[in-house]
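Participant: My questions will all concern the structure given below.
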Amino acid sequence: KPLVFSGMQPSGDLHLGNYLGALVNWVRMQETHDCIYCVVDMHAITVWQDPAALKKAIREVTAAYIAAGIDPKRSILFNQSQVHEHAELAWVFNCVARMGWMSRMTQFKEKAGKDRENVSLGLFAYPSLMAADILVYRATHVPVGEDQKQHLELTRDIAIKFNNDFGPRIAELGLGDGFFPVTEPVIMGPATRVMSLRDGTKKMSKSDPSDYSRINLTDDADTISQKIRKARTDPEPLPSEEKGLEGRAEADNLVGIFAALSNRSKADVLAEFGGGQFSGFKAALADVAVAKLAPITGEMQRLLADPAEIDRILAEGSARARAIAAPVMASVKDILGFVRS
Ligand code: AQP
């Protein structure tokens with residue numbers, strides 16, 4: 001079976017973008033693939049994290065995965081820092097990747113802003129750690145939201161350069177034609193890029209200072225309804241056809257969210273609500289969102305009542321992950337020419 005790897009940062013509450021862009025696909029892929037799902041705590045510390053809040057967020061993200069339908073018996077579920085091979089391979093990839101490649105990453109440019117001198121070195125090297133996360137398992141498929149596409153292209157470039165640089169050595173050791181696979185991004189569904197509820201040109205994000213910009217998986221029904229009611233829209237009624245959404249980012253986003261949450265197409269949603277005002281549509285959207293998210297939120301709360309059980313699941317997942325990563329890392333050391341006993 002093809003191997004899947006993906007992860008999310010415990011840098012705040014998971015939101016509807018994480019859920020629709022990635023998590024629903026992760027759950028689905030368990031049917032057809034062997035899956036490894038990670039809470040990428042080492043990525044989270046590329047920007048400042050309060051230690052107590054980080055620990056809480058790691059458990060919350062784990063609970064969100066399970067509540068959304070990740071089965072920790074079937075899939076491997078763990079937190080990144082418990083498998084040191086991620087950090088080891090990331091260092092090797094720091095020496096394979098080029099400064100120029102990293103400098104072109106739009107996420108780095110956006111997060112660093114004008115203050116490039118003062119952001120962490122880790123934020124710059126983030127895509128190298130992400131490549132290591134995936135390739136330390138030699139995973140072939142990575143389900144993500146659209147914002148991660150550029151990082152996955154870089155993962156492919158790193159794999160190709162490593163395979164080329166060490167081609168003769170890999171052959172000499174009998175490790176196959178290309179040691180690392182050239183990974184396929186899996187970007188699917190009607191909501192691969194969920195936008196902020198306050199600004200249809202910005203993606204919904206954990207780090208947006210406005211809590212009204214996103215729907216968190218921990219929000220209760222009233223909060224969800226209120227956030228949707230207050231979501232920014234334009235004064236025109238909803239169009240009856242999809243092409244009428246062009247140039248109307250906020251309307252397009254809300255229709256996309258409705259479609260994704262109710263397993264319908266945007267055209268189908270517009271056939272029902274086109275011509276109407278936003279108020280009626282927003283009320284229906286709030287109902288759909290609450291119906292979908294309330295069971296997840298409830299299950300998360302139940303799981304979080306027993307943090308020791310969550311830690312146990314993470315420890316077990318880490319041991320299973322390490323069993324795959326350790327031999328890959330040992331081969332990488334042999335390929336590089338490191339002496340090991
Ligand atoms: N708005 C989004 N729409 C669709 N997919 C999204 N993802 C994130 N935001 C959206 C997908 O969720 C997965 C985990 O993302 P992450 O937590 O590792 O990092 P991120 O993309 O940086 O998430 P945030 O919420 O935007 O965090 P900050 O604000 O810290 O940058 C990925 O598959 C991502 O594509």
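Participant: When region 289-306 is examined, which residues are found to be of a type in the set (A, V, I, L, M) and either surrounded by 18 or more Cβ atoms within 10 Å (Cβ to Cβ) or assigned to a helix (DSSP H, G or I) (or both)?
Facilitator: Of everything in region 289-306, those that are of a type in the set (A, V, I, L, M) and either surrounded by 18 or more Cβ atoms within 10 Å (Cβ to Cβ) or assigned to a helix (DSSP H, G or I) (or both) turn out to be ALA289, VAL290, ALA291, LEU293, ALA294, ILE296, MET300, LEU303, LEU304.
Participant: What is the residue count in region 176-194 for residues that are at pLDDT below 95 and either away from the ligand (no atom under 16 Å from the Cβ) or on the phi > 0 side of the Ramachandran plot (or both)?
Facilitator: Of the residues in that region, 4 qualify.
Participant: I'd like to verify a number: residues in region 275-315 that are within 27 Å of PHE258 (Cα to Cα) and not basic (Lys, Arg), how many?
Facilitator: Matching residues across region 275-315 total 25.
Participant: Exactly one of (1) farther than 26 Å from ASP219 by Cβ; (2) assigned to a helix (DSSP H, G or I) is unmet by GLU250. Its number?
Facilitator: (1)
Participant: Please go through (1) farther than 22 Å from ALA191 by Cα; (2) buried (at least 21 other Cβ atoms within 10 Å of the Cβ); (3) within 13 Å of the ligand (Cβ to nearest atom) for LEU23 and return the number of the only condition it doesn't satisfy.
Facilitator: Single failed check for LEU23: (1).
Participant: If you don't mind, there's one more thing I want to ask. When you check VAL47 against the structure, is it within 8 Å of the ligand (Cβ to nearest atom) and more than 15 Å from the chain's Cα centre (by Cα), yes or no?
Facilitator: yes
Participant: Please note which helices (runs of 4 or more DSSP H) are completely contained in region 98-169 and include at least 1 residues that are at pLDDT below 95 and within 16 Å of the ligand (Cβ to nearest atom). Steps first, answer last, please.
Facilitator: On the way: elements: 99-103, 106-112, 121-135, 149-165.
The helices (runs of 4 or more DSSP H) meeting that bar are 106-112.
Participant: Exactly one condition in (1) charged (D, E, K, R); (2) without any contact (Cβ under 8 Å) to a residue 60 or more places away in the chain; (3) surrounded by 13 or more Cβ atoms within 10 Å (Cβ to Cβ) is false for ARG320; which is it?
Facilitator: For ARG320, the failing item is (2).
Participant: Moving on. With the checklist (1) in the same structural domain as ASP133 (by TED's automatic domain parsing); (2) under 22 Å from the mean Cα position of the chain (by Cα) in hand, flag the one item ARG312 doesn't pass.
Facilitator: Of the numbered conditions (1) in the same structural domain as ASP133 (by TED's automatic domain parsing); (2) under 22 Å from the mean Cα position of the chain (by Cα), the odd one out for ARG312 is (2).
Participant: Something else now. Tell me whether region 1-10 contains one or more residues that are in contact (Cβ under 8 Å) with a residue 12 or more places away in the chain, under 18 Å from the mean Cα position of the chain (by Cα), surrounded by fewer than 21 Cβ atoms within 10 Å (Cβ to Cβ) and more than 27 Å from ALA291 (Cβ to Cβ).
Facilitator: Step one: list which residues in region 1-10 are in contact (Cβ under 8 Å) with a residue 12 or more places away in the chain, which gives 1-10.
Then drop every residue that is not under 18 Å from the mean Cα position of the chain (by Cα), which leaves 3-10.
So of that shortlist, the ones also surrounded by fewer than 21 Cβ atoms within 10 Å (Cβ to Cβ) come out as 3.
Filter again for more than 27 Å from ALA291 (Cβ to Cβ), leaving 3.
Yes.
Participant: Mind checking which pairs have a first residue in region 181-194 that is more than 14 Å from LEU3 (Cβ to Cβ) and a second that is in a loop (DSSP other than H, G, I, E, B) and more than 10 Å from the ligand (Cβ to nearest atom), Cβ under 8 Å, 6 or more apart or different chains?
Facilitator: The qualifying pairs are PRO190/SER265.
Participant: I've got another one for you. Working only within region 298-341, note down all residues that are under 19 Å from PRO181 (Cα atoms) and β-branched (Val, Ile, Thr).
Facilitator: ILE324, VAL328, VAL332, ILE335
Participant: For region 98-124, how many residues meet the condition of being among the small types (Gly, Ala, Ser), touching a residue at least 40 places away in the same chain (Cβ under 8 Å) and either closer than 22 Å to VAL144 by Cα or not assigned by TED's automatic domain parsing to the domain that holds ILE324 (or both)?
Facilitator: Residues that pass the stated criteria total 1.
Participant: Please work out which residue is surrounded by the most Cβ atoms within 10 Å (Cβ to Cβ), limiting yourself to region 11-20 and to residues that are near the ligand (Cβ under 8 Å from one of its atoms) and assigned to a loop (DSSP other than H, G, I, E, B).
Facilitator: LEU14
The values are calculated or read from the model by the stated rules, or taken from the named source; none is laboratory data. Everything numeric in this text was worked out from a predicted model, so none of it was measured. Note that we place each Cβ from the backbone using ideal geometry, even for glycine, and neighbour counts take in every protein chain shown.
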